[in-house]
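S.K.: Dropping the structure in here first, questions after.
The values are calculated or read from the model by the stated rules, or taken from the named source; none is laboratory data. Only a predicted model underlies this, so the values are computations on that prediction, with no experimental measurement involved. All Cβ positions, even for glycine, are placed from backbone atoms using ideal geometry, and neighbour counts span all protein chains on display. Just the protein is used for accessible areas: all its heavy atoms, side chains included, with ligands, DNA and RNA removed. Shrake-Rupley method; radii C 1.70, N 1.55, O 1.52, S 1.80 Å.
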Amino acid sequence: MDLFANELIGSAMFAGIATAACLCARLARTAGSGMSHAAVAAAWGAGLCAAMFAAPRGDAHLNPAVSLAAWLAGRCPGDELGMRVAGQACGTLLGMAAAVLAFLPQLARDPGSAAPALWRTPPVRAPLSNLAASAFATAIVAFVMLRLVCGASVPDGAAAAASEAASQPPFAFARRAEAATVAGIALFAVLGGFGGTGTPVGPTMGPCGRVLHAALPFAGKEPGGWRDAWLSVAGPALGAVIAAWAWRAAVG
């Protein structure tokens, strides 16, 4: 259960910050209306950094694609995979719901901007290119996350003793801060580049955003946009496979 709570808390924080940044940028009556793509990418990176550091355990994945990659690479037991993904999905829904609640007055006055703020849609629909962009972006993020939360290999002997010593305070604090910072920078870099295609790097925010959009209590909304929902799952899943393959090739 601690795995579920760990992923739920971290995912809720990340999804809340990321969704709030998108809503702030897209909606007309906000202090940050018209925020640049780089600013939104930076907010997502900072959100991931804060979420990784705030999660109770230091091994939070915060993305089903990362958990899938870890399982495929043999670094996440099968009985943990479902618990982690369930926590990520529930946390994402809670975090996005909190952001939507905070911006509900602005959403009611600008319903046409709700859809593009709650899920990523490619500005140019080209299925193969969109899938490739999502897969490559996810693979980079997943590989970096694997390195941060799974390590290079199972230590033994003196290496094990050194690893155990490094996991104790104050080293634990420093290691978590470093890992969170690297993860945030990696996500910022990926979204700053591949994010320009509008493709997703995780399979939870797209479906959760569409569900929340359908539940929003005001008229004038655009259609739910389920046409591109497949990309939220297929792209990150393919990216997880690529990341796991690269991990096994590079790390073993």
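S.K.: Per q in 0.09, 0.17, 0.18 1/Å, what log10 I(q)/I(0) does a Debye calculation on the alpha-carbon atoms of segment 1-150 return?
M.R.: The calculated log intensity ratios at q = 0.09, 0.17, 0.18 Å⁻¹ are -0.31, -1.02, -1.11.
S.K.: Any idea what the relative contact order of segment 41-114 is, in percent, if you count C-alpha pairs under 8 Å spaced at least 6 apart? Please report the intermediate quantities before stating the final value.
M.R.: Numbers: 22 pairs, mean separation 13.8, N = 74.
For segment 41-114, the relative contact order is 19 percent.
S.K.: Applying 1/(1 + (r/R0)^6) with R0 = 30 Å to the Cβ-Cβ distance of Leu216 and Ser33, what FRET efficiency is obtained, to the nearest 0.05? Intermediate results must be reported in sequence, preceding the final value.
M.R.: Numbers: r = 19 Å, r/R0 = 0.63.
Efficiency at R0 = 30 Å is approximately 0.95.
S.K.: As I understand it, the value is the acute angle between the Cα axis of helix 171-193 and the longest principal axis of the Cα atoms of the chain; what does it come to in degrees, rounded to 10?
M.R.: Its long axis makes an angle of about 40 degrees.
S.K.: Something else about it: Going by accessible area, probe 1.4 Å, with all protein chains left in place, what is the ranking of Cys22, Cys90, largest first?
M.R.: Numbers: Cys22 25, Cys90 60 Å².
The ordering from most to least exposed comes out as Cys90, Cys22.
S.K.: If you place +1 on the Cβ of every Lys and Arg and -1 on the Cβ of every Asp and Glu, how big does the dipole about the Cα centre of segment 1-136 come out, in debye to the nearest 20? It would help to have the intermediate numbers written out before the result.
M.R.: Working: 8 positive and 6 negative charges, 100 e Å.
It works out to roughly 480 debye.
S.K.: How large is ³J(HN,Hα), in whole Hz, for each residue of segment 245-250 in order, when computed from phi with the Karplus curve 6.51 cos²θ - 1.76 cosθ + 1.60 and θ = phi - 60°, using x for Gly and Pro?
M.R.: Whole-Hz 3J(HN,Hα) from phi for segment 245-250: 4, 5, 5, 5, 6, 8.
S.K.: Further question on the same structure: Calculate I(q)/I(0) for segment 103-147 by the Debye formula, one identical point scatterer on each C-alpha and no solvent, and give its log10 at q = 0.17 Å⁻¹ to two decimals.
M.R.: Relative scattering, expressed as log10 I(q)/I(0), comes to -0.68.
S.K.: Find the eigenvalues of the gyration tensor of the Cα atoms of segment 1-43, then list the square roots of 5 times those eigenvalues as equivalent ellipsoid semi-axes, largest first, in whole angstrom. Numbers along the way, then the final one.
M.R.: Working: eigenvalues 153, 20, 5 Å².
Its equivalent ellipsoid spans semi-axes of 28, 10, 5 Å.
S.K.: If you don't mind, another one. What size of dipole, in debye to the nearest 20, comes out for the chain about its Cα centre when the only charges are +1 on Lys and Arg C-beta atoms and -1 on Asp and Glu C-beta atoms? All intermediate terms of the calculation are to be shown ahead of the outcome.
M.R.: On the way: 15 positive and 11 negative charges, 131 e Å.
Charge dipole of the chain: 620 debye, to the nearest 20.
S.K.: Can you give me the convex hull volume of the Cα atoms of segment 23-81, divided per residue and expressed in Å³?
M.R.: Values: hull volume 6.7 nm³, N = 59.
Taking only Cα atoms, segment 23-81 has a hull volume of 113 Å³ per residue.
S.K.: If you take the alpha carbon radius of gyration of segment 189-251 and divide it by 2.2 N^0.38 Å, what ratio comes out, to two decimals? Walk me through the numbers on the way to the answer.
M.R.: Details: Rg = 15.3 Å, N = 63, 2.2 N^0.38 = 10.6 Å.
Relative to the 2.2 N^0.38 Å estimate, segment 189-251 comes out at 1.44.
S.K.: Here is a follow-up. Report the charge-dipole magnitude of segment 1-81 in Debye, nearest 20, computed about the Cα centre from +1 at each Lys and Arg Cβ and -1 at each Asp and Glu Cβ. Can you show the working numbers first?
M.R.: On the way: 4 positive and 5 negative charges, 91 e Å.
Rounded to the nearest 20 debye, it is 440 debye.
S.K.: How much accessible area per residue does the chain have, in Å², with a 1.4 Å probe?
M.R.: On the way: 11300 Å² over 252 residues.
Value for the chain: 45 Å² per residue.
S.K.: Given a 1.4 Å probe and every protein chain left where it sits, what share in percent of the accessible area of segment 1-121 is carbon and sulfur?
M.R.: Values: 3140 of 4680 Å².
The value for segment 1-121 is 67 percent carbon and sulfur by accessible area.
S.K.: Then there's this: Roughly what angle does helix 127-150 make with the longest principal axis of the chain, taking Cα atoms, 0 to 90 degrees, to the nearest 10?
M.R.: So the inclination is approximately 40 degrees.
S.K.: Something else about it: Tell me, what is the Rg over Rh of the chain, with Rh the Kirkwood radius over Cα pairs?
M.R.: On the way: Rg = 18.1 Å, Rh = 18.4 Å.
For the chain, the value is 0.99.
S.K.: Here is a follow-up. Can you find, among Pro105, Ala15, Ala86, the residue farthest towards the positive end of the dipole of the chain? Put +1 on the C-beta of Lys and Arg, -1 on that of Asp and Glu.
M.R.: Pro105
S.K.: Suppose R0 equals 35 Å; then what is the FRET efficiency for Asp79 and Ala174 from their Cβ-Cβ distance, rounded to the nearest 0.05? Provide the component values of the computation, followed by the final result.
M.R.: Details: r = 31 Å, r/R0 = 0.89.
Taking R0 as 35 Å, the efficiency between Asp79 and Ala174 is 0.70.
S.K.: Can you give me the convex hull volume of the Cα atoms of segment 65-158, divided per residue and expressed in Å³?
M.R.: Working: hull volume 13.0 nm³, N = 94.
Hull volume normalised by residue count: 138 Å³.
S.K.: Rounded to two decimals, what is Rg over Rh for segment 61-120 when you use alpha-carbon atoms and the Kirkwood radius?
M.R.: On the way: Rg = 15.9 Å, Rh = 13.4 Å.
For segment 61-120, the value is 1.19.
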